Amino acid sequence: MSGGAIPLSFRESVERTEARIREACRRCGRPREDVRLIAVTKYIGAGEMRELLDLGLRHFGENRWQQARPKWEAIGDEAVWHFIGHLQTNKVKDVIGRFTYLHSLDRLPLLEAVQKRAALLGIRVPVFIQINVSGEATKHGLKPDELPAFAAKAAECPNVRVEGLMTMAPHEADPENTRPVFRRLRELRDELNERAILPEPVRHLSMGMSNDFEIAIEEGATWLRLGSVLLGR
Ligand SMILES: *Cc1c(COP(=O)(O)O)cnc(C)c1O
């Protein structure tokens, strides 16, 4: 390393991040236990993930099966696995059954494939429906107005349980600018529940990354997906 800052230990960066989460919760009057934390481990290997386990982190998020596979094989059910990236239909057989949660349910053929695989395994998979709130062409996810019809389809799938909605905000130099995106996701969840399209109320909002998690907490995030800030990079 040439002339760069000395990297923080995981302990330091996890503690600093935790303090920021607590402070954001305090600011908006939410209990800390309302906000759950997924450590996004796509940047690190199984050895470093063990350090995170030792620090008490248990929820790990990965966005590609190929890269996650050796880590999953090393750590397995010592952790709870969240699949957070775009999932190709031909990878459903690899991911469903190994990852507990799917955060990126974004199209009908994927819903059908997940239902089929979960039925075969005799499990019920907790999923998040991904919404492209910002409308950026580079982002995956349903358009907000497609949600009610999609949720009605999900309600017909006995092996899929909709836990919540997920979104990714655009990267903004001023994180305050992400607020309308997070607020809209919360409104979409509330509208879904008012219309009772799903058999059980949808509780969770998977939103907030390193750049914008404090704003996401203020707007109701219940699952944060944090990579770089948590790992001190
Ligand atoms: C990489 C990734 C994250 C974490 O990003 P950071 O900015 O490093 O916190 C969160 N969600 C998804 C879907 C990702 O791919």
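Where a number appears in this text, it was derived from the coordinates with a stated rule and is not lab data. The shown structure was predicted, so the numbers you read here are calculated from the model rather than taken from an experiment. Every residue, glycine as well, gets a Cβ built from its backbone with ideal geometry; the counts of neighbours run over all protein chains shown.
When region 98-124 is examined, which residues are found to be surrounded by fewer than 22 Cβ atoms within 10 Å (Cβ to Cβ) and farther than 20 Å from E156 by Cα?
R98, T100
Considering R189, R225, which residue is outside any loop (DSSP other than H, G, I, E, B), within 18 Å of L105 (Cα to Cα) and within 11 Å of the ligand (Cβ to nearest atom)?
R225
Residues in region 141-162 that are surrounded by 15 or more Cβ atoms within 10 Å (Cβ to Cβ) and not in a helix (DSSP H, G or I): how many?
7
Results for (1) within 14 Å of the ligand (Cβ to nearest atom); (2) within 17 Å of the chain's Cα centre (by Cα), shown as yes or no for each residue.
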site: F83; (1), (2): yes, yes
site: H86; (1), (2): yes, yes
site: N90; (1), (2): no, no
site: D94; (1), (2): no, no
site: R98; (1), (2): no, yes
site: H103; (1), (2): yes, yes
site: L108; (1), (2): no, no
site: E112; (1), (2): no, no
site: Q115; (1), (2): no, no
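Free of Cβ contacts under 8 Å to residues at least 24 places away in the same chain, more than 17 Å from A24 (Cβ to Cβ), within 15 Å of the ligand (Cβ to nearest atom) and not acidic (D, E): is that true of A173 in this structure?
Values: free of Cβ contacts under 8 Å to residues at least 24 places away in the same chain: yes; more than 17 Å from A24 (Cβ to Cβ): yes; within 15 Å of the ligand (Cβ to nearest atom): yes; not acidic (D, E): yes.
So A173 fits the description; yes.
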